[in-house]
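Novice: Structure below; questions to follow.
Bear in mind that the values in this text are calculations on the coordinates, not laboratory data. Only a predicted model underlies this, so the values are computations on that prediction, with no experimental measurement involved. Reconstructed Cβ throughout: ideal geometry from the backbone, glycine too, with neighbour counts over all protein chains shown.
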Amino acid sequence: MRLGLYYDLRNPGGARAWARVYAAALDRIGWADGAGIGAIWVTEHHGFADGYLPAPLTFCAAIAARTRRARIGTAVVVSPLMPPPALAEQAAVVDILSDGRLELGLGAGWRAPEFAAFGADYARRYEALEHAVRALPRLWDSGRVTPAPLQRPLPVWVGARGPRGARLAGRTGAGLLWIDRDLFEPYLTGLAQADPPSLPRVGGLANVFLADDPDRVLAAVREHGRRNRASYDDAGAAGREAAFPKLRILTPAAAATWIAELSEGLPVTDVFCFGDIGGLDDDLVDRHTELAVRELAPLLAEEGEL
């Protein structure tokens, strides 16, 4: 099982210079890559007060320039907000810059204000997502979009929080980018319709923050985690349902045990935890990063060879 670090690049209250926020993340990513982290993942939202990353593939290009071996994933690009040819071009460029390390995660999105801002059809977002997943290889294979990515096929994931998205992931032959045992049956139902046939693969977030002494850092970390969850409240019930699971503050050994339980019986190849929590003290983030790379990653690797 491959461990990744996941970045949203929040900057609550604009407390830090934006150049510092991005540079600090890239410095940590570069260190983690050199120390052997399996993957770096990024995400996407628009219009958040804390500057939540709005351009994931742009940042992936920067990651590609600072790393040499880690896989580079999106979890997820909100594909209905971008025409498929533009998505195909940007993904291909990142794959080329990274020498074939892109893991392209796509999702339908769930925040109606983002769709309104882009003039996209919120009601037809699942149809748009499926169209994009199916269109990408045709665009590359036909030469309508150039250059093509180095990886052929390029690994594609679909982020899903419910059975509709899980079935979509399956029938398009994509990986399922959410670890939930209840979604595996609808995912397999979709996979039975995939052409060409594809093997099941699951990945996703394990919302843990690592510390040598979790009790000591609980108050500081919990404050920022709660603020992040509250930022989804502007989307009402949809936001509360889509918000990430409650943050767990654990030692690496306890985290490995919990992730093994979460993944039991599922073909999980990739799991990632947030690399940072916006506004948190740098010393805590640095230690979390070190524990993830040095201690948690080796424990998860023992769960099976990729």
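Novice: About the Cα centre, and with charges only on the beta carbon of Lys, Arg (+1) and Asp, Glu (-1), how big is the dipole of the range 139-209? Nearest 20 debye, please.
Specialist: Taking the Cα centre of the range 139-209 as origin, the dipole is about 120 debye.
Novice: Further question on the same structure: Using only alpha carbon pairs under 8 Å that are at least six residues apart, calculate the relative contact order of the range 2-301 and give it in whole percent. Display every interim value, and only then the final one.
Specialist: On the way: 556 pairs, mean separation 58.2, N = 300.
The normalised contact order for the range 2-301 reaches 19 percent.
Novice: List the residues, sorted by chain then number, that are 5 or more residues from Gly278 or on another chain and whose placed amide H is less than 5 Å from its amide H.
Specialist: Amide H to amide H, under 5 Å and 5 or more residues apart or across chains, Gly278 pairs with Arg10.
Novice: Further, regarding this structure: Translational diffusion coefficient of the range 188-228 at 37 °C, 0.692 mPa s, Stokes-Einstein with Kirkwood Rh over Cα pairs, in µm²/s as a whole number. All intermediate terms of the calculation are to be shown ahead of the outcome.
Specialist: On the way: Rh = 13.9 Å.
Result for D is 236 µm²/s.
Novice: Add +1 for every Lys or Arg and -1 for every Asp or Glu among the other residues with Cβ under 11 Å from the Cβ of Pro12, and state the total.
Specialist: Taking every other residue near Pro12 into account, the sum is +1.
Novice: Another question, then. Which distance in Å, rounded to a whole number, links the C-alpha centroids of the range 67-110 and the range 177-210?
Specialist: Between the Cα centre of the range 67-110 and that of the range 177-210, the gap is 19 Å.
Novice: If we sort 121-133, 86-98, 215-227, 26-38 on the protection proxy, mean other Cβ atoms within 10 Å, highest first, what's the order?
Specialist: Top to bottom by mean Cβ count within 10 Å: 86-98, 26-38, 121-133, 215-227.
Novice: So, with +1 on the Cβ of K and R and -1 on the Cβ of D and E, and no other charges, what is the size of the charge dipole of the range 2-301 about its Cα centre, to the nearest 20 debye? Each step should come with its number before you reach the end.
Specialist: Details: 33 positive and 35 negative charges, 95 e Å.
Here the size comes out at about 460 debye.
Novice: Could I ask something else about it? Projected onto the charge dipole of the range 2-301 (+1 at Lys/Arg Cβ, -1 at Asp/Glu Cβ, origin at the Cα centre), which of Ala86, Ala254, Val202 gives the Cα projection farthest towards the positive end?
Specialist: Ala86
Novice: Work out the charge dipole of the range 2-301 with +1 on the Cβ of Lys and Arg and -1 on the Cβ of Asp and Glu about the Cα centre, then indicate which of Pro147, His46, Phe184 is farthest towards its positive end.
Specialist: Toward the positive end, the furthest listed residue is Pro147.
Novice: While we're here: For the range 36-77, what relative contact order do you get, as a whole percent, if you take Cα pairs closer than 8 Å and at least 6 residues apart?
Specialist: Worked out over the range 36-77, it gives 55 percent.
Novice: Can you give the Rg/Rh ratio of the range 1-152, where Rg is from the C-alpha atoms and Rh is the Kirkwood radius?
Specialist: Numbers: Rg = 15.7 Å, Rh = 16.1 Å.
When Rh is taken as the Kirkwood radius, the ratio is 0.98.
Novice: Given a Förster distance of 25 Å, report the FRET efficiency between Asp99 and Ala23 from their Cβ-Cβ distance, rounded to the nearest 0.05.
Specialist: Given R0 = 25 Å and the Cβ-Cβ separation, E is 0.60.
Novice: Taking the Cα centre of the chain as the origin and placing charges on Cβ (Lys, Arg +1; Asp, Glu -1), which of Leu97, Ile277, Ala219 is farthest toward the positive end of the dipole?
Specialist: So the residue we want is Leu97.
Novice: Still on this model: When the chain is treated as a GNM, springs tying every alpha-carbon pair under 10 Å, which of Ala112, Ala169, Ala70 comes out with the largest mean-square fluctuation?
Specialist: With Cα springs under 10 Å in the chain, the top fluctuation among Ala112, Ala169, Ala70 is at Ala112.
Novice: What's the center-to-center distance, using Cα atoms, between the range 249-276 and the range 31-49 in Å?
Specialist: 17
Novice: Here's something else I'd like to know. Tell me, what ³J(HN,Hα) does each residue in the range 10-15 have, in order and in whole Hz, if you take phi through Karplus 6.51 cos²θ - 1.76 cosθ + 1.60 with θ = phi - 60° and put x for Gly and Pro?
Specialist: 6, 9, x, x, x, 5
Novice: Per DSSP helix of 4 or more residues, -39500 (n - 2.57); summed, then divided by the residues of the chain. What does that give at 222 nm, rounded to the nearest 500?
Specialist: Here the helix-only value at 222 nm equals -14000 deg cm²/dmol.
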